[in-house]
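The structure appears right after this line, and notes come after that.
The values are calculated or read from the model by the stated rules, or taken from the named source; none is laboratory data. None of the values given here were measured: they were computed from a predicted structure. Cβ placement follows ideal geometry from the backbone for every residue including glycine, while neighbour counts extend to all protein chains displayed.
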Amino acid sequence: MVALGYGVLTYVENVDGKLNPASLELLSKAGEIVRARGGKVYSVLVAASENSQEFRELAACGVDVLLVYKVGKDRLCDYLLHAEALAHAIRRVNPALVLVSATPWGRSFAPRVAARLGLGLTADCLDVYVDEAGDIVQVRPAFTGNLIAHIKTVTSPAMATVRPGVFPKPTPDYSRRFEAVVLEELPVYPSGLEVLGPSRRKSVSLSEASVVVAVGRGLRKKEDISLFMELAETLGGEYAVSKPLVDAGWFEKERQVGFSGNTVKPKVYLAFGISGAPQHIAGMKDSECVVAVNIDPSAPIAKYSDVFVVGDMYEVARRLLKRLKAFKS
């Protein structure tokens, strides 16, 4: 059995002035681990001010002790400072496990913290659990998503980044008591970063979309995605793609659904030209309603669908878009 500390420490992402839902999802798993191994749920929050409403929300979702690092507002976007705060908290708490959401922000600094403290880091996890020996096991896709690896970290604490959307958000209990420890500002140091301003590029948040329009290998050429983008926009959702389209270099990985991409749980998931490989199904199987369109009546995705349409994906998409526009007008 690997010698570990006690409790679980999570990092709370609060870069844009509001709590990232992905950070709250970590608290459900943290509570589960603590119930199995003992200890408390600790969370790290880097903030420019003390926000009692945020504190109550975190406590209601399962935080026992909140470590708040106060920094100047102009330094909130300095990920090196967030790395410093998390490293300081790990030394202070000595937890058994450290969890960071695998958002672009979390991925930018979690490896730095692990390297600084000499810890192993399991990235992009789909699950974390305690085995019969009491060891913490981290689960992640391997070999481009074709295998699932169960990993034990030999260093302490174990550290993992977790893909957004794989854990449920806890049901808030506002009667919970908690302790908030507000720490002084971290030392000012030259970070080497220059803040130019907010990005004009719209960030993609597939895990939060209520409607996802996903496209697979049935797409004949990259430019044809415009039809499905328009359909997604008309439905008030986001468009996504399967792994082969990312592997072909047509789209960024942030649009991918599956083991090695995003895990989504929308109210409606529309799959066009997606056969239904296990790698893809793992990323969307918890959708409330799945509508799939495929030219192949024996496509595996049929058995995971609430509605399965056999037909040309282009024709079905055009007709659906036409009906939606007519309905809206």
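All of E230, E223, E238, E208 fail the test of being of a type in the set (D, E) and at pLDDT below 85, apart from E208.
Does the stretch 304-315 contain at least one residue that is assigned to a loop (DSSP other than H, G, I, E, B) and farther than 13 Å from V268 by Cα? Yes, that holds for at least one residue. Residues in the stretch 136-156 that are in contact with a strand residue (DSSP E or B) (Cβ under 7 Å, 6 or more places away or on another chain), surrounded by fewer than 17 Cβ atoms within 10 Å (Cβ to Cβ) and not aliphatic (A, V, I, L, M): H150, K152.
Conditions tested, residue by residue: (1) within 21 Å of R163 (Cβ to Cβ); (2) of a type in the set (S, T, N, Q); (3) in the same structural domain as I136 (by TED's automatic domain parsing); (4) buried (at least 18 other Cβ atoms within 10 Å of the Cβ).
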site	(1), (2), (3), (4)
V15	yes, no, yes, no
L19	yes, no, yes, yes
L26	yes, no, yes, yes
K29	yes, no, yes, yes
G38	no, no, yes, no
S49	no, yes, yes, no
R56	no, no, yes, no
C61	yes, no, yes, yes
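Criterion first (without any contact (Cβ under 8 Å) to a residue 12 or more places away in the chain and either charged (D, E, K, R) or not in a loop (DSSP other than H, G, I, E, B) (or both)) does E254 satisfy it? For E254, the condition - without any contact (Cβ under 8 Å) to a residue 12 or more places away in the chain and either charged (D, E, K, R) or not in a loop (DSSP other than H, G, I, E, B) (or both) - is not met. Listed conditions (1) touching a helix residue (DSSP H, G or I) at 6+ places or on another chain (Cβ under 7 Å); (2) crowded, with 16+ Cβ neighbours inside 10 Å; (3) in a loop (DSSP other than H, G, I, E, B) are all met by P266, apart from (1).
Screening K222 with (1) surrounded by fewer than 20 Cβ atoms within 10 Å (Cβ to Cβ); (2) on the phi > 0 side of the Ramachandran plot; (3) not hydrophobic (A, V, I, L, M, F, W, C) gives one miss only, at (2). Restricting the stretch 289-319 to residues that are within 25 Å of the chain's Cα centre (by Cα) and either within 17 Å of G218 (Cβ to Cβ) or at pLDDT below 95 (or both) leaves a set whose member that is surrounded by the most Cβ atoms within 10 Å (Cβ to Cβ) is A292. The residues on offer are V246, V257, V264, V215, and the sole one that is under 22 Å from R323 (Cβ atoms) and touching a strand residue (DSSP E or B) at 6+ places or on another chain (Cβ under 9 Å) is V215.
Looking at the stretch 156-174, can you tell me whether even one residue there is free of Cβ contacts under 8 Å to residues at least 60 places away in the same chain and either over 25 Å from A83 (Cβ atoms) or touching a helix residue (DSSP H, G or I) at 6+ places or on another chain (Cβ under 6 Å) (or both)? Yes, the stretch 156-174 contains at least one residue that is free of Cβ contacts under 8 Å to residues at least 60 places away in the same chain and either over 25 Å from A83 (Cβ atoms) or touching a helix residue (DSSP H, G or I) at 6+ places or on another chain (Cβ under 6 Å) (or both).
Candidates in the stretch 269-283 are the residues that are part of a loop (DSSP other than H, G, I, E, B) and under 17 Å from the mean Cα position of the chain (by Cα); of these, the one that is surrounded by the most Cβ atoms within 10 Å (Cβ to Cβ) is G283. Residues in the stretch 102-117 that are at pLDDT 95 or above and outside any helix (DSSP H, G or I): there are none.
Kindly evaluate Y6 against the criterion of being under 20 Å from F178 (Cα atoms), of a type in the set (F, W, Y) and crowded, with 18+ Cβ neighbours inside 10 Å. No; evaluated as a whole, the condition is false for this residue.
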